[in-house]
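Here is the structure we will look at, set down as structure tokens.
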Amino acid sequence: MNTTSAPAPASPYGTLPPASPLAQRKPVSLPRLAQLHAAGEKITMLTAYDATFAAVADAAGVECLLVGDSLGMVCQGLPSTVGVSLEAMRYHTESVSRGLHRVQGTAWLIADLPFGSYHESPEQALRSATVLMQAGAHMVKLEGGGWTAPTVRFLVERGIPVCAHLGLTPQTVHALGGYRVQGRDDAAAQTLRRHALELQDAGAAMLVLEMVPAALATALTAELPRCATIGIGAGKGTAGQVLVMHDMLGINLGKMPKFVRNFMDGHGSVKAAIEAYVRAVKEGRFPDDAAHAW
Ligand code: KIV
């Protein structure tokens, strides 16, 4: 059997970055992510919206790439994620997937189900998820708890891996009254905990926890052995971390969230900055809990 991997094809836009030793690994799969989770090794995730940045992040060793609906703000200049369409998500998921294939990438590819694409019924969610899976996603992400659990179960039972998302759920920013920390008081923390347990029970393999108190995120992580928590503004006690790539590269059209670190500081290339992020997460040096007031 020939085990030598073929060289990456030449790019008309310049040479794509070679894989770093960190990235010399097998394709990331659901069992591999469960293994990392069980072993207590932090899982690294970044958003990606196009082929080239996806290839660079993969070469830098990021395990999971999220085609987040944050592309509405980052790529489309929208005021929130509410206006992002399923067609936009399909286009960017396909672009990222192609970028990964061009460099024999190994990252696990997650795509956001956008606002309105899974709210009507589990059947609608299945139709929307099918579009993203056929565009190259390995897993879909959806926001919210309670009413979403039957939808998660419906998708998982049909072979679609699901990442849930609780805490600050940007698609409901108008109902939440802004981009604020969630789960601060006891009642809100209890609801969040109940939703998280229901989502794990429904089969969600991952759970993004956005802007929740670090103590709550740490406690939930311990209670969810079958669902890896991925924090963003949720302290360092989660099973993994995610950031919007443009934020961690120090480029943001709006206000930089307080929990973000600019990894371009002291690094001469995007790849070096992303490698620094991967190392910092793996070694527990990011996030810095002192950067969280909550
Ligand atoms: O859309 C997105 O980028 C996200 C992350 C912030 C988790 O959902």
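The values are calculated or read from the model by the stated rules, or taken from the named source; none is laboratory data. Everything numeric here is computed off the predicted structure, so don't read it as measured data. Using ideal geometry, Cβ is built from the backbone for each residue, glycine included, and neighbour counts are taken over all protein chains shown.
Got a sec? Which of 237, 231 is closer than 13 Å to residue 287 by Cα and within 16 Å of the ligand (Cβ to nearest atom)? Before the answer, list the steps.
Working: 237 fails: within 16 Å of the ligand (Cβ to nearest atom).
Just one listed residue meets the conditions, 231.
Just checking, how many residues over segment 55-72 are within 14 Å of the ligand (Cβ to nearest atom) and either part of a strand (DSSP E or B) or small (Gly, Ala, Ser) (or both)?
Here is the first cut: in segment 55-72, the ones within 14 Å of the ligand (Cβ to nearest atom) are 57, 62, 64-72.
From what's left, either part of a strand (DSSP E or B) or small (Gly, Ala, Ser) (or both): 57, 64-68, 70, 72.
Within segment 55-72, residues that are within 14 Å of the ligand (Cβ to nearest atom) and either part of a strand (DSSP E or B) or small (Gly, Ala, Ser) (or both) number 8.
For segment 241-291, a residue qualifies if it is free of Cβ contacts under 8 Å to residues at least 40 places away in the same chain, crowded, with 16+ Cβ neighbours inside 10 Å and of a type in the set (Val, Ile, Thr), and exactly one does: 260.
If a residue has to be without any contact (Cβ under 8 Å) to a residue 60 or more places away in the chain and within 8 Å of the ligand (Cβ to nearest atom) to count, how many in segment 73-90 make the cut? Quick ask: steps written out before the conclusion?
Narrowing segment 73-90 to residues without any contact (Cβ under 8 Å) to a residue 60 or more places away in the chain: 75-76, 78-79, 83-90.
If we keep only those that are within 8 Å of the ligand (Cβ to nearest atom) as well, we get none.
Residues flagged as without any contact (Cβ under 8 Å) to a residue 60 or more places away in the chain and within 8 Å of the ligand (Cβ to nearest atom) within segment 73-90 amount to 0.
For residue 165, all conditions in the list (1) of a type outside the set (A, V, I, L, M, F, W, C); (2) assigned to a strand (DSSP E or B); (3) away from the ligand (no atom under 16 Å from the Cβ) hold save one; what is the number of the exception? All conditions pass for residue 165, except number (3). Residues in segment 142-167 that are surrounded by fewer than 24 Cβ atoms within 10 Å (Cβ to Cβ) and in contact (Cβ under 8 Å) with a residue 60 or more places away in the chain: 1 in all. Assessment of segment 222-245 against the conditions (in a helix (DSSP H, G or I) and farther than 24 Å from residue 195 by Cα) yields at least one matching residue.
In segment 44-54, the residue that is farthest from residue 270 (Cα to Cα) out of those that are within 13 Å of the ligand (Cβ to nearest atom) and among the aliphatic types (A, V, I, L, M) is 45.
Looking only at residues of segment 150-164 that are touching a Gly at 6+ places or on another chain (Cβ under 8 Å) and not hydrophobic (A, V, I, L, M, F, W, C), we find that the one that is nearest to residue 200 (Cα to Cα) is 153. Scanning segment 139-151 for residues that are part of a loop (DSSP other than H, G, I, E, B) and either at positive phi or away from the ligand (no atom under 16 Å from the Cβ) (or both) yields 144, 146, 147.
More than 16 Å from the ligand (Cβ to nearest atom), in a helix (DSSP H, G or I) and of a type in the set (A, V, I, L, M) - does that describe any residue in segment 281-294? Checking segment 281-294: at least one residue is more than 16 Å from the ligand (Cβ to nearest atom), in a helix (DSSP H, G or I) and of a type in the set (A, V, I, L, M).
Taking the stated definitions as given, is residue 127 away from the ligand (no atom under 16 Å from the Cβ) and surrounded by 15 or more Cβ atoms within 10 Å (Cβ to Cβ)? Show your work before the answer.
Details: away from the ligand (no atom under 16 Å from the Cβ): yes; surrounded by 15 or more Cβ atoms within 10 Å (Cβ to Cβ): no.
Judged against the criteria, residue 127 is not a match.
Taken as a whole, the condition of being more than 14 Å from the ligand (Cβ to nearest atom) and not in a loop (DSSP other than H, G, I, E, B) does not apply to residue 172.
Under the condition of being part of a helix (DSSP H, G or I) and within 16 Å of the ligand (Cβ to nearest atom), which residue from segment 91-115 is surrounded by the most Cβ atoms within 10 Å (Cβ to Cβ)? So, considering only residues that are part of a helix (DSSP H, G or I) and within 16 Å of the ligand (Cβ to nearest atom), the one surrounded by the most Cβ atoms within 10 Å (Cβ to Cβ) is 96. Of the set (1) buried (at least 17 other Cβ atoms within 10 Å of the Cβ); (2) at pLDDT 95 or above, all apply to residue 19 but (2). Residue check: residue 199 meets all listed conditions (1) on the phi < 0 side of the Ramachandran plot; (2) within 16 Å of the ligand (Cβ to nearest atom); (3) in a loop (DSSP other than H, G, I, E, B) but one, namely (3).
If you filter segment 170-213 down to residues that are under 15 Å from residue 232 (Cβ atoms) and of a type outside the set (A, V, I, L, M), you find that the one that is surrounded by the fewest Cβ atoms within 10 Å (Cβ to Cβ) is 180.
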